[in-house]
Amino acid sequence: MDIAKELLAGSRLALSRAITAVENEYDEAVDIMKKLYPHTGNAYVIGITGPPGAGKSTLTDKIVKEYRRLGKTVGVIAIDPTSPFSGGAILGDRIRMNELTLDEGVFIRSMGTRGSLGGLSHKTADAVKIMDAAGKDVIIVETVGVGQSEVDIVKAADTTLVVVVPGLGDDIQAIKAGILEIADIFTINKADRDGADKLNVELEMMLDLYQDKLEWRPPIKRTVAHRNEGIAELVQTLEEYYGYLKETDKLTERRTERVKAEVLAMLEENIGRYVTRTMQSDGEFEQMVQQIQKREADPYTLVADLLKRLLK
Amino acid sequence: MEKRIRVLVAKPGLDGHDRGAKVVARALRDAGFEVIYTGLRQTPEQIAEAALQEDVNVVAMSILSGAHPQLFPVVVNLIREKGMKDVLIIGGGVIPDGDIPALKEAGIAEVFTPGTPTGDIVKFINENV
Ligand code: B12
Ligand SMILES: Nc1nc2c(ncn2[C@@H]2O[C@H](COP(=O)(O)OP(=O)(O)OP(=O)(O)O)[C@@H](O)[C@H]2O)c(=O)[nH]1
Ligand SMILES: [Mg+2]
């Protein structure tokens, strides 16, 4: 089956298989991506991140429904952590989105973080492109937490929505640096709980501190996801931000940065792979390691020599 | 290559017994599989469509209510109709021995009844995907 061709003709199975090809690094993935690339760049990509259990999936479900009401098609990529012990994972985000399964304007795909997080961000970016090429108007990427890996993943997004919840104590302090770097919009979810006002004040204070560095002050919304409260307003804010990105050319700027980063990452990966393969195919590498260990040579000189040879 | 076996663990119908499905889901995760768990009360259409979107290698259904003769074959047909010819479809739960041949005839590759060690399920999947 010509996956790219069938995907562009509207096949959901082909869309699904294309993501698998990228995720499993099948040989045909590069060919598929080459064919799809000209058809990308049209979707509005939204990253949703926040602490475990904050209500990200419930919120995603409701945001998708609101976009559907507005006549948009939506793709969702839901990422859950892979167990470091077994390499397996329970991907449970979909359980909150069951009502969307039979809507033909929606496509949901769960992904495990698997081994390398760096690798994941590029696979996520490719999965986004695949859904983009398939014609989805809006693509939502859900990830847990706000660590460095997630920061990389949300770089694939035009807008990052950070979900916070009342009652996490000092967590705001601990994650504020990371949060500020990526948040375009905040939502205080579980606003039905005590502490929403306090959290709101804390966030505003934090933003005040960074005021000078912010070209866009992230608005702070409130939602009660499982009761569908505040969702229409939140989607309106997501759209306003998209408008702002377009008007100010920030969208182009962000996407230019993204292309740069992607090309560099692909280069590094391919060169890295080439080097490892070449080195391991002859015994020279082992010999080098021996020499270095015995202090007969130093790694700095050997690596410089090698580079010269490999890249000529 | 970073291939992982992906399994959809699904509970079709109105049956609310989910303990077995959860035990199986956890065992499969611990065996290194990626498990997509969609929770209770799924229609056959939802299960087949989720299997397609997630591009799973295995669909594993659990029924303890006795509705397996009606539901299992419907899911098999829907999945095959969607063009997923090579998905391994298995079932488990409270299923009388006498019903098993008909289920296999309908395309359920294997049926696991109460008391099955989860290791047997892992082994079956590894040998048949
Ligand atoms: C615990 C239990 C309950 C709990 C369920 C809690 C829960 N959240 O799961 C509660 C109390 C809620 C309950 C309620 C009812 N129950 Co009840 N329940 C049981 C009981 C005692 C044990 C089930 C269990 O959890 N076993 C432990 C798990 C780990 O085992 P398992 O599910 O069998 O799974 C194993 C294998 O079957 C297999 N497996 C199972 N699923 C899958 C899937 C795949 C893909 C694979 C590969 C393998 C696999 O692997 C597992 C590991 O070995 C059984 C009797 C029994 N001994 O089975 C009755 C039983 C299932 N219940 C029964 C009934 C009738 C009911 C009620 C209708 C009772 C009533 N009149 O109110 C309600 C209905 C609830 C509902 N909404 O559907 C009947 C069903 C009769 C039938 N099939 O004809 C049973 C068989 C009791 C009986 N002998 O009458 N029940
Ligand atoms: N009280 C309250 N509960 C909510 C709200 N939103 C979601 N929940 C509940 O919070 C629990 C977790 O919701 P999820 O949507 O799975 O959260 P998540 O952030 O996706 O979780 P992970 O993906 O596991 O990190 C569920 O039981 C939801 O019903 C809310 O606004 N208020
Ligand atoms: Mg989630």
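Under unit Cβ charges (Lys, Arg +1; Asp, Glu -1), what dipole magnitude, rounded to 20 debye, does the stretch A:228-312 have relative to its Cα centre? Before the final figure, lay out the partial values.
Working: 13 positive and 17 negative charges, 119 e Å.
Roughly 580 debye, rounded to the nearest 20.
The C-alpha atoms of chain A define a longest principal axis, and helix A:117-133 lies at about 60 degrees to it. Shown here for the stretch A:201-251: GluC sites (Glu not before Pro) in loop regions (DSSP other than H, G, I, E, B) with at most 11 other Cβ atoms within 10 Å, namely A:Glu215.
Ranked by solvent-accessible area (1.4 Å probe, protein heavy atoms only, all chains present), the residues A:Phe186, A:Phe285 order from largest to smallest as A:Phe285, A:Phe186.
Between A:Ala261 and A:Glu104, the modelled label-to-label distance comes to 3.6 nm, taking each label 7 Å out from Cα in the direction of the beta carbon.
Could you look at the stretch A:40-247 and say what percent of its accessible area is carbon and sulfur, using a 1.4 Å probe and all protein chains? About 49 percent, which is the carbon plus sulfur part of the accessible surface.
How would the stretch A:1-145 be classified by its alpha-carbon gyration tensor: rounded, prolate or oblate, with rounded meaning a/c under 1.5 and the a/b versus b/c comparison settling the rest? Oblate is the answer for the stretch A:1-145, as a/c is 1.5 or above yet b/c matches or exceeds a/b. Modelled label positions at A:Lys34 and B:Lys123, each set 7 Å beyond Cα in the direction of Cβ, lie 4.6 nm from each other.
With 24 Å as the limit, write out which pairs from A:Lys190/A:Lys246; A:Lys5/B:Lys85; A:Lys62/A:Lys221 have Cα-Cα distances beyond it, or answer none. Don't jump to the answer; show the numbers that get you there.
On the way: A:Lys190/A:Lys246 31 Å; A:Lys5/B:Lys85 20 Å; A:Lys62/A:Lys221 15 Å.
Pairs exceeding the cut-off: A:Lys190/A:Lys246.
Under the simplified labelling scheme, the A:Lys198-A:Gln293 pair shows an inter-label distance of 5.7 nm, with each label point 7 Å from Cα along Cα→Cβ. Residues of the stretch B:24-46 that bury at least 50 Å² of accessible area once all protein chains are present, compared with their chain alone (1.4 Å probe, heavy atoms only, ligands and nucleic acids left out), are B:Arg29, B:Glu34, B:Tyr37, B:Gln46.
Could you work out the Rg to Rh ratio of the stretch A:40-247, with Rh taken as the Kirkwood radius (inverse of the mean 1/r over all Cα pairs)? Kindly include the intermediate steps, with their values, before the conclusion.
Working: Rg = 16.2 Å, Rh = 17.2 Å.
Taking Rh as the inverse mean 1/r over Cα pairs, Rg/Rh reads 0.94.
What the Cα convex hull of the stretch B:6-128 gives, in volume per residue, is 88 Å³.
For the stretch B:6-128, averaging the sequence separation of C-alpha pairs within contact (under 8 Å, six or more residues apart) and dividing by the residue count gives a relative contact order of 27 percent.
Here, the protein assembly as shown yields an orientationally averaged convex hull projection of 26.0 nm² when only Cα atoms define the hull.
The values are calculated or read from the model by the stated rules, or taken from the named source; none is laboratory data. Remember, it's a predicted structure, so these values are computed and weren't measured experimentally. Note: ideal-geometry Cβ built from the backbone for every residue, glycine included; neighbour counts use all protein chains shown. Accessible surface is based on the protein model in full, side chains and every heavy atom, while ligands, DNA and RNA are left aside. Shrake-Rupley method; radii C 1.70, N 1.55, O 1.52, S 1.80 Å.
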